[in-house]
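Scroll down for the structure; my scribbles are underneath it.
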Protein chains: 2
Amino acid sequence: MNTSSRRSFLKTSVAGAVFSSSGILAATVSAQTKKWDETFDVIVVGSGFAGLAAAIEAKKAGANVIVLEKMPTAGGNSIINGGILTATGCPQQKKHNIEDSKELLEKDILVAGNYMNDVKKVHQMVDRVLSTYEWTVNELGVEYLPDAIGQEGGHSVPRYVTTKIGSGAGIVNKQLDKCLELGIPIRLRTYVDKIIRTANGVEGVEVFEGYRFPKAGSGRHKSLKANKGVILCYGGFSADVPYRTIQDPKLNATLDTTNQPGATSELWRETSSIGCLQAQNDWIQCGPWGNPHEKGMGIGWQFNQTAAAEYGLWTNSAGKRFVNELANRKVRADAIMVEQANGRKCFAIADANGVKPFETQRPGMLNKHLERNLIFKYDTLDELAKAQGIDAEQLKQTVEEFNGYVKNKKDPVLGRYINNEQLPVETAPFYVGELQPKVHHTMGGLITDDKCMVLDVKTDKPIKGLYAAGEATGHVHGAVRLGSVAILDCLVFGRMAGENCAKS
Amino acid sequence: MNTSSRRSFLKTSVAGAVFSSSGILAATVSAQTKKWDETFDVIVVGSGFAGLAAAIEAKKAGANVIVLEKMPTAGGNSIINGGILTATGCPQQKKHNIEDSKELLEKDILVAGNYMNDVKKVHQMVDRVLSTYEWTVNELGVEYLPDAIGQEGGHSVPRYVTTKIGSGAGIVNKQLDKCLELGIPIRLRTYVDKIIRTANGVEGVEVFEGYRFPKAGSGRHKSLKANKGVILCYGGFSADVPYRTIQDPKLNATLDTTNQPGATSELWRETSSIGCLQAQNDWIQCGPWGNPHEKGMGIGWQFNQTAAAEYGLWTNSAGKRFVNELANRKVRADAIMVEQANGRKCFAIADANGVKPFETQRPGMLNKHLERNLIFKYDTLDELAKAQGIDAEQLKQTVEEFNGYVKNKKDPVLGRYINNEQLPVETAPFYVGELQPKVHHTMGGLITDDKCMVLDVKTDKPIKGLYAAGEATGHVHGAVRLGSVAILDCLVFGRMAGENCAKS
């Protein structure tokens, strides 16, 4: 048999035994032989930012949509996310007279990504930065702080807005409201066990309903057909120690994660095994601003980032700055780990002026940090240093030098961006929190085309009926994701996937 | 049907349509229904260092072995490899009074690998460093230069030996002789199209015999059964522009490769699609020492590395050193690309003393470089600079500074290791070659256990009958492979895979 007739044989054979190694062996099984328990137009897997955005757009485009979520509550990791959204061109930026542009944002993303990003994808996303912010406000009714504009590491200028309630729930809850309004069911405790790929593309999923995380095989088995397609928004795997240590053996169980326990790899593995193209799964980001004295994401990152990194400074226990506090997350997390490997702890420090923007941005949170012993306050730097085991003389010298940079609006040593509104660190009380990197975000994942369709690992062509968006996908952030760009990524490509799938 | 009975149904069903997405759908096809054209105990895919080492050990362990090679000649990329082998503890090192240890080699590998290596694998390899060198000498009869000991970037001390003929052919040809002696057939122009994975594991391969690279589907289709197993030694994909740009979009068609044209991805894609675990495929190394004035690996890298990096210096067209000439390959390649992005060319420079070790190590090659206009020689640094468009005053100052470091045995600026035998760069004639990174080696790949068995992407358990070694595998080198460790990797794990498969 020659190749082409052999291929067409593989495609057309319906019943019985065809011998092949391909992941699309289900190709040999006719869809007619499958009994489906339920049928939808569009099945969305995952109920975070991306999944809910996809569901909303698919429904608005006329499709009959369902959202599947394995956990007992909706929102995935998004609902515990920090709630900061890159919004170049937004009113808050204008209020603070910050000059910014899509081009500058795009460049920042590519530089942090070590140019491992797909430039076309970055461009698609950046092009929608302002319209996405506006969509959340006008379509969803999301409320942001009207005056606060923040700057995460690796960004050239302050450009993120913060939800009023100070977390991703400020967006997710509005998305859930919209789903309710549109009549989109969110089916909780529904574990996707298999994605059904045949010669026709992806036709549906097999699930366990009533699944009790993390009990493998719990719940009732069911098969759900998707007439138009399945949209994969299953998120990352930062909480999955075995899989993440295969990708990067350094990220073992000794490191905590900011993620919820459901951020596991089973669908990363499943999509691999059915021949979906994946790349860059080993680029896994640690949030440098974690606090070791609480589990998971917690709240301590807020002071460490929003007060100290943006309006204060970071030092090691020798009292020296060791990294540009506004470098990208990988640079900062690596720098902290090097300090720790050399027996030094790392600290985030801000004074009474430095915590003011933080208090505006996250009202009440400073006290909560103090109550939980995540940060401590002192009348002098001497006391702070002594209590925390930091070299006091060196710390005072470091702060004095840093204050010189603030006055000159230039940090010649570490190249830290000096915010227009930064004041010298000299006004009591002085606050300090400890720094501990925690596994936070997986940059790689499914490779999709410009319609968010997942590509086949053997042909690089789109797989009919299979879409993806959000942390489950790669090529948007490349080597390193910048802070506050995750929500943008999820909303832009989630919406696009939903619309394209519904119209397919 | 509950989970466990469903699973056992999937496993035991023999004929007909089972509906599942798994890559091991062939599980549902009985091996008995397959007609095999030929049967062997062990099928080795690829005829480079690893494949031939596997075949030799499998045969010596009593197995009936065949080696499949898609290209019209044997040896893969190994035969055009530089022929340098890390050999800690070898006689050449002792002659030069170089102190070294397995522990130091292991540390160098982990540091360059950014600790993304599997430490157990590195340990397995390093433990066999001297015995592998001795095996090549005593078992294969490989001839190395008896006096030369070299140092590639990232190694703490000189520790590589060089084959007398100056390339990997010095080893591969001896392996091929051994195969002939043992009666192991090397079947050329045999393209592996499918790897047959069933519920029993991997049972064989489907091939096209008489394949004419790169014509897809050329040749006659045939199926080959492997009673004991298939050993995958199919190498890397540095010559495959579409696949490598998916892994790292920077490495596009504008970059040349050192690899032979057959270094393509089809079996990387095939193993993905049958559910083999892969990781770190996006870590792709450029050889920093390439020469832009010839295609492919060529010979110009020899002067750039062995003369200039080890006994001379590298500068940019501004006349300044820009990187530690003995940093690891990634650091050096990245540094050159940054210079180029800033409009500067990069050069490798050595004087009459600096080329002496090179002339010992690769007799006659210096003249060949000159004849091919890959390097040029001048009586003074002034003339060299003028002819090559380098800033002459700065170059002379740079060389003078460098010579100071040589005298003090310490480079305080870039931390370059100063070889005991390094002399100041001051004796005419002066030689210069240009530097151009070329895509060279893929660090990631199939993940194997301590017996070289390939793991399943869903379970992390070994797949019965499937082994792998060499560049097709990951976790040995992590982020960056050190120069001269590739052959060690291929021989250690190739031999191990062959022996384990034959005895399985």
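Since every read-out is calculated from the coordinates, none of them should be taken as a lab result. All values derive from a computational prediction rather than experimental measurement. Cβ placement follows ideal geometry from the backbone for every residue including glycine, while neighbour counts extend to all protein chains displayed.
Treating the point 7 Å from Cα along Cα-beta-carbon as the label, what are the nm separations from residue B:253 to the other copies, to one decimal?
From this label point to the equivalent ones elsewhere in the assembly: 4.9 nm.
Report, to two decimal places, the Cα Rg of chain B normalised by 2.2 N^0.38 Å (N = number of residues). Let's see the in-between values first.
Values: Rg = 24.1 Å, N = 504, 2.2 N^0.38 = 23.4 Å.
Compactness ratio reported: 1.03.
Two decimals is fine: what is log10 I(q)/I(0) at q = 0.07, 0.08, 0.09 Å⁻¹ for the protein assembly as shown, from a Debye sum with one equal scatterer on every Cα and no solvent?
-0.65, -0.85, -1.06
Helix B:49-60 versus the longest principal axis of chain B: what angle, 0 to 90°, nearest 10, using Cα atoms?
Tilt relative to chain B: about 50 degrees.
List the lysines whose alpha-carbon lies under 16 Å from that of residue A:35, not counting same-chain residues fewer than 8 positions away?
Reachable lysines: A:194, A:222, A:225.
Relative contact order for chain B: what is it in percent, counting Cα pairs under 8 Å that are at least 6 residues apart? If you can, show how the numbers build up before the last one.
Values: 1201 pairs, mean separation 114.6, N = 504.
Averaging sequence separation for qualifying contacts and normalising by length gives 23 percent for chain B.
How would A:179, B:286 line up from fewest to most surrounding beta-carbon atoms within 10 angstrom? Spell out each step's value before the answer.
Values: A:179 21, B:286 26.
Taking fewest neighbouring Cβ atoms as first place, the list is A:179, B:286.
According to the square roots a ≥ b ≥ c of the eigenvalues of the Cα gyration tensor, what is the shape class of segment A:389-442, taking rounded for a/c under 1.5, prolate for a/b larger than b/c otherwise, and oblate for the remainder?
Oblate, since a/c reaches 1.5 and b/c is not below a/b.
Which entries in the list A:368/A:451; B:368/B:396; A:70/A:464 go over 32 Å, if you measure between the two C-alpha atoms of each? Don't skip to the end; give the middle numbers.
On the way: A:368/A:451 44 Å; B:368/B:396 27 Å; A:70/A:464 24 Å.
Those over the limit are A:368/A:451.
Give the Rg/Rh ratio for segment B:294-334, taking Rg as the radius of gyration of the Cα atoms and Rh as the Kirkwood radius, to two decimals. Numbers along the way, then the final one.
Values: Rg = 10.7 Å, Rh = 11.1 Å.
Across segment B:294-334, the Cα-based Rg/Rh ratio is 0.97.
Greater than 20 Å separation of Cα atoms is the criterion. Which listed pairs, B:356/B:386; A:34/A:228; A:59/A:178, meet it? Numbers along the way, then the final one.
Numbers: B:356/B:386 25 Å; A:34/A:228 17 Å; A:59/A:178 11 Å.
Where the Cα-Cα span goes over 20 Å, the pairs concerned are B:356/B:386.
Report, ordered by chain and residue number, the aspartates and glutamates lying within cross-link reach of residue A:107, taken as a straight Cα distance under 14 Å and ignoring same-chain residues fewer than 8 apart.
Within the straight-line limit of under 14 Å, residue A:107 reaches these aspartates and glutamates: A:118, A:127.
Give me a single rounded figure for B:210-221: the average over its residues of other chain Cβ atoms within 10 Å of their Cβ.
On the way: counts 0, 0, 0, 0, 0, 0, 1, 5, 1, 1, 1, 4.
Mean partner shielding for this stretch: 1.
Give the angle, between 0 and 90 degrees and rounded to the nearest 10, that separates the Cα long axis of helix B:3-12 from the longest principal axis of the Cα atoms of chain B.
Once rounded, the angle reads 90 degrees.
For residue B:410, which aspartates and glutamates qualify as cross-link partners when the Cα separation must be under 17 Å and same-chain residues fewer than eight apart are set aside?
B:310, B:325, B:400, B:401, B:421
Just to confirm my numbers, what's the Cα centroid distance between segment B:408-466 and segment B:297-331 in Å?
14
Using 7 Å Cα-to-Cβ label points, what is the residue B:181/residue B:410 separation (nm, one decimal)?
In this crude label model, residue B:181 to residue B:410 measures out at 5.1 nm.
Post the alpha-carbon centroid distance, segment B:51-74 to segment A:68-134, in whole angstrom.
Distance between centres, Cα-based: 52 Å.
Inside 10 Å of the C-beta atoms of A:241-251, what's the mean count of C-beta atoms belonging to other chains?
Numbers: counts 0, 1, 4, 0, 2, 11, 6, 7, 13, 6, 2.
Averaged over the peptide's residues, the number is 5.
For residue A:87, what charge total do you get from the other residues with a beta carbon under 10 Å from its beta carbon, if Lys and Arg give +1 and Asp and Glu give -1? Each step should come with its number before you reach the end.
Working: positive: A:159; negative: A:100, A:134.
Within the 10 Å Cβ shell, the charges total -1.
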